[in-house]
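Below you'll find the structure, written out as structure tokens, and then a few comments.
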Amino acid sequence: MIKKIHSDQLQVGMYISNLDASCLEHNFSSSQFAVTSDELIQKIHNTGIKGMYIDTNKGLDIQDAASVIEVDNALTKETVKVGSDNDALENQIPVQQELERARGIYKDAHNIMQDLMSDIRLGKQVDIERVEPISEQLVESVFRNKDALISLSRLKDKDHYTFMHSVSVAGLMITFSRAMGFDIGKIKEIAIGGMLHDIGKMMTPDNVLNKPDKLDENEFNIMKSHVVYSKELLEDKPGITQAALDVAAMHHERVDGTGYPLGLKGDEISQVGQMSSIVDVYDALTSIRVYKSAWEPNMALKKLLEWSNHHFNPDLVKQFIRCLGIYPIGTLVELASGSIAIVIEQGEKDLLNPKVRIVYNKHIKGLVTVKDIELWKTDDRIVKSASAETYSINMAALY
């Protein structure tokens, strides 16, 4: 049986089936291994990992530990409760009306970030003036319809992750900041910070930045330095405000002090910094990388909720879930009928029953003629999230 334990309960003789931490948080080559020594336990503690799942069929057991099914059921219930407390933002125009315009803005932003980061590699200064207009267009798109840009953030490819991640973080931070009630001026500042938050990665050696395998300890420490470089490249630059700088300098800090580069705790991390740490991890989890598959948004939101016991501000995590919805746009889901569908629009009155695009049928094991349905008008319902990889579905071709 797979059970969830706290790191303080870890003992030699247990078998870890899942470290229950983002791959950004540690450099273990695998999340599954036998606990063979006290030194290994100390190494796990040093990473700041607070919880993990153990396989009691392969190692020692703890009788009163919750099973993985019990944990998942509790997280699902809590996610639904939080997401259903819907103070989400209203869109001004329909998502399909904004989608094509958002796609163009997203592409332009990606190209600008690619050019800008290439310039940094050549030793040039950060050209803030190139980022400001496209950041403003991202803000305008989110204010017209937040779901259009969010849906595009799912359609990354592993070869252009760094550039596309920067644009996606900017879009998600705009949506989050708007839900928090920030004024438009501050939201534009935060958008610039989102676009530039990983600029320091251009100071990271290619063999580390683009390594297809897990980083070793030395490489992991080198990768961590990108936050310091980002701050150095941006601070004191015209057009970079404190809010923008906080996104770049604090997106890897954690409220329990286990983050980097400074190990800040609680309110030592600004509100914008705490928000950026949530958004950065969410986008990383839901993106395909050379060394991992993409998680479905609903699964990533449940993990953020689970990790808010230590790494993240729980109130901010809940606000983030509310503004994205229980099934964010772009989520692949399995329906009770056996259909596989992409969420393309939130439900008018019921977030558990959104508008979906049916693209695959489990019973015939194949793609079907694309069909959009409003679940709140049918007897069908969402059973669970689905994986595009499992069904060989090309999301970019179907959305």
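Bear in mind these aren't lab numbers, they're just calculated from the coordinates by the rules spelled out. This structure is a prediction, so every number in the text was calculated from the model and none was measured.
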**Prompt:** For the chain, what is the relative contact order in percent, using Cα pairs closer than 8 Å and at least 6 residues apart in sequence?
**Reply:** 14 percent
**Hull-based mean projected area of the chain, where the convex hull spans the alpha carbons, in square nanometres** = 19.4 nm²
**Request:** Quantify how much of the Cα-Cα distance distribution of the range 95-324 extends past 30 Å, in percent.
**Result:** 16 percent
**Fill in**
For residue 265, the lysines lying under 18 Å Cα to Cα, once residues fewer than eight places off in the same chain are dropped, come out as 50, 224
**Greater than 29 Å apart at Cα, pairs in 107/211; 107/201; 124/303; 214/303** = 124/303
**Prompt:** Could you state the principal axis extents of the C-alpha atoms in the range 168-246, from the largest down, to the nearest angstrom?
**Reply:** 42, 26, 16
**Request:** Kindly provide the helix-only [θ] at 222 nm of the chain, computed as the sum of -39,500 (n - 2.57) over DSSP H runs of four or more divided by all residues, to the nearest 500 deg cm²/dmol?
**Result:** -14000 deg cm²/dmol
**Message:** Please state the shape class of the range 332-398: rounded when a/c is under 1.5, otherwise prolate if a/b exceeds b/c and oblate if not, all from the C-alpha gyration tensor.
**Reply:** prolate
**Prompt:** What residues qualify as long-range amide H neighbours of residue 360, i.e. H under 5 Å apart, gap of 5 or more or another chain, H built at 1.01 Å from N?
**Reply:** 340, 368
**Request:** Find the relative contact order for the range 1-151 and round it to a whole percent, using C-alpha pairs within less than 8 Å whose residues are 6+ positions apart.
**Result:** 24 percent
